[in-house]
Amino acid sequence: MTMSINIFNKVRKLAKAFLPFYLFTLLPLFAACADTWDDHYEKKGDDLNDASIWQAITENGNLSNFAKVVKACGYDKALNSSQVFTVFAPTNEQFTAQEAEELIAGYNAEKGKVNEDDNTVIKEFIQNHIAMYNHSISDMSNDSLVMMNGKKAQLSNTSFGGQPLLEKNLHYNNGVLFTIMGKAKYFSNVFEYLRKDADLDSIANFFYNSHFYRKVFVPERSVAGGLENGKTVYLDSVFVQQNDLFDWDMLDAELNHEDSTYWMVVPTNKEWKKLIEEYEPYFNYDDNTPFRDSMVYTMPRMAIVDGTTFSRTLNTDAHLTDSALSTSAAETYVSRNYSWGNPNLHYYQFGGKSLVNTQKPFSPTGIFSNTEDIVCSNGLVKKTDDWRINKLNTFYQWLIIEAEDQSSIKEVSKSENTTTKEKEPTVTPITRKVMNNNRFYGKVWSDAFVEFEQAKTTVNHSVTFNIRNVLSNIPYDIYLVTAPAVANDSNATEAERIPTKVKCTINYHDQSGQTKSEVLQQGVGTNPNVVDYILLNPNPNEGFVFPTATFGLTESEPQVTLDIETKVSSSELRTKKFQRTMRIDCIMLIPHGIANVNEERFEIEPHGDGDIYQWLKY
């Protein structure tokens, strides 16, 4: 495979996020709840006060500061309605008039500039003291309660959210009222913390960008009221905040959920700036690329955050002693093979069997070393200005284009049929398997290669391979990997084991979107007795650099292709020096100059029986 299916999905999501979208008109805040509260949610008995919770709050002079903030934020209407709530109201002794005025000022400063649910005062104060439904306590109570903001607060018979309970179980016609000593502490989750820390402004601006983070109407949770002009009119509309970056085919981490636990390695602004300056040249798309500006902005930033998040469900304390598996990793043998082209490429995994940076996560040079840990409601932010996540272990990947993959071959050479006058292929690609009793088993990539069987023996042949997901402005070592005839047939004849000679041409786009072609090798012979790794770089000491990127593009007609053409003369054919049958295992693009992988020098010996496939297994 040339790239992860995850990357295709990610980019589709990202590109779509920049398309214009239309939100439904937001109905009044508390029209969003349309449940019919039956007797299950109502308190019956002699201790039930006929007044509403809001009336009780306004009649209690010791709650005047709390009441002032509630009214200023518009929540008095809800607390005076038929909806059922449990409210924990801080008294004036420790919640002062000055604090109330500061909260009101903060609410008004954000009003109209952010979504109502994102208003800091609404989320961190109002909704932090209100829960849906009736919640009474007993002398034995000791549990967590889900508040309107989704946070879990500890509630016992003596305290709530770390504050002592003063009055308990005051039942009114629309819920229960408690009074508490002071404000309940608000505990940020990982996502929320990003924009609370001035050192993390850069990554916060990316995550909170309105292209990704927005309010979305949820019709299945809303109450329809009939049709007007053929369109459904909703009596009560439900909206939720959605961040496309959290989706399974992007980060696969709901960093704003309170019922999950994550660790996230987060770069400071200083480190973010340095990484952006380094990564931006890798994502230079040609001028004709759809949503080019969006791609150029998004992809370098996604390259930073992809691989930074770790679910504690997968990464237990025992696992983390050896390696850390990020939410962007492919977990299984099959998924790694599908995503990266080889099951032994452990991208987005750090330590253990990772390709580079095999240091254990907590070792002195590990990814979790030299971080400042901030405890959040759903995990840890591991803040750092000493970035240890190696790009060679994330987006800066090997590209392995398997010849037998149906999407790899763009076209084969054709010639005119003298009878029908139609163009017909001069070769037919046939997949050959390497059996487990063959000495080349485990040396041919995926134990399969393609033999291009000649339909016409009097001409040279060519095949064009699609190459996707290249980065710009980085040097690649480009290899053509061929297989010997005996890898499929141990009894291959001497004629079948004759080498071939090929010309290789790379095609790519320049900045304007025009196709450029460059001959890499004019006529190089293959070694017919080994799995042959042929380095195609014109200068072996330098990698081949693409001026434009195709990383993540969904291309029906890939910008980058490789033409492989036999260059065997009639005399070479007659003397049996070379033949015109090609047996191609794969095309490999490896970032140039990889060294000290797994603490040993990584080498591919051209025209030698390459052991890279075996090497990757260890």
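The values are calculated or read from the model by the stated rules, or taken from the named source; none is laboratory data. Since this is a predicted model, take the numbers as computed values, not measurements. Reconstructed Cβ throughout: ideal geometry from the backbone, glycine too, with neighbour counts over all protein chains shown. Each accessible area value is taken on the protein alone, full model and side chains, heavy atoms only, with ligands, DNA and RNA left out. Shrake-Rupley method; radii C 1.70, N 1.55, O 1.52, S 1.80 Å.
Considered as a group, the residues in the stretch 438-455 that are more than 25 Å from S517 (Cα to Cα) and in contact with an Asp or Glu (Cβ under 8 Å, 6 or more places away or on another chain) include one that is most open to solvent (accessible area, probe 1.4 Å), and that residue is Y441. Taking the stretch 398-437 as the range and being over 15 Å from D585 (Cα atoms), free of Cβ contacts under 8 Å to residues at least 60 places away in the same chain and open to solvent by less than 50 Å² (accessible area, probe 1.4 Å) as the test, the residues that pass are V412, S415, N417, T426.
Scan the stretch 475-499 for residues that are more than 21 Å from S446 (Cα to Cα) and outside any loop (DSSP other than H, G, I, E, B) and jot them down. P475, Y476 - these are the residues of the stretch 475-499 that are more than 21 Å from S446 (Cα to Cα) and outside any loop (DSSP other than H, G, I, E, B).
Got a sec? Which helices (runs of 4 or more DSSP H) wholly within the stretch 265-368 have at least 2 residues that are within 20 Å of the chain's Cα centre (by Cα) and free of Cβ contacts under 8 Å to residues at least 12 places away in the same chain? Here the list reads 292-305, 333-340. Scanning the stretch 97-136 for residues that are free of Cβ contacts under 8 Å to residues at least 12 places away in the same chain and assigned to a loop (DSSP other than H, G, I, E, B) yields G112, K113.
Of everything in the stretch 157-192 that's of a type in the set (G, A, S) and part of a loop (DSSP other than H, G, I, E, B), which residue is surrounded by the fewest Cβ atoms within 10 Å (Cβ to Cβ)? Don't jump to the end; show me each part of the working.
First, the residues of the stretch 157-192 that are of a type in the set (G, A, S): 159, 161-162, 175, 182, 184, 188.
Among the residues that remain, those that are also part of a loop (DSSP other than H, G, I, E, B) are: 161-162, 182, 184, 188.
On the way: G161: 22, G162: 14, G182: 16, A184: 22, S188: 20.
Result: G162.
Among residues of the stretch 520-533 that are within 10 Å of K501 (Cα to Cα), those with a Cβ under 6 angstrom from a residue that is in a strand (DSSP E or B) and open to solvent by 20 Å² or more (accessible area, probe 1.4 Å), sequence gap 6+ or separate chain, pair up as Q522/K503; G523/K501; G523/K503; G525/K501. No other residue among Q94, Q83 is under 30 Å from R214 (Cβ atoms), assigned to a loop (DSSP other than H, G, I, E, B) and at pLDDT below 95 apart from Q83. Under the condition of being open to solvent by 60 Å² or more (accessible area, probe 1.4 Å) and at negative phi, the residues counted in the stretch 277-306 number 8. For the residues E124, E59, E102, the requirement of being open to solvent by less than 50 Å² (accessible area, probe 1.4 Å) and acidic (D, E) singles out E124. Scanning the stretch 196-217 for residues that are open to solvent by 40 Å² or more (accessible area, probe 1.4 Å), of a type in the set (K, R) and modelled with pLDDT under 90 turns up just one, R214.
Scanning the stretch 451-465 for residues that are touching a residue at least 24 places away in the same chain (Cβ under 8 Å) and either over 16 Å from A492 (Cβ atoms) or among the polar types (S, T, N, Q) (or both) yields Q454, A455, K456, T457, V459, N460, H461, S462, V463, T464, F465. Scanning the stretch 370-387 for residues that are within 18 Å of K274 (Cα to Cα) and part of a loop (DSSP other than H, G, I, E, B) returns N370, T371, D385, D386, W387.
Is it true that L520 is more than 33 Å from the chain's Cα centre (by Cα) and under 30 Å from R292 (Cα atoms)? It is true that L520 is more than 33 Å from the chain's Cα centre (by Cα) and under 30 Å from R292 (Cα atoms). The single condition from (1) surrounded by fewer than 16 Cβ atoms within 10 Å (Cβ to Cβ); (2) part of a loop (DSSP other than H, G, I, E, B); (3) in contact (Cβ under 8 Å) with a residue 40 or more places away in the chain that W248 fails is (3). Selection of the stretch 137-156 for residues being outside any loop (DSSP other than H, G, I, E, B) and surrounded by 15 or more Cβ atoms within 10 Å (Cβ to Cβ) yields L145, V146, K152, A153, L155.
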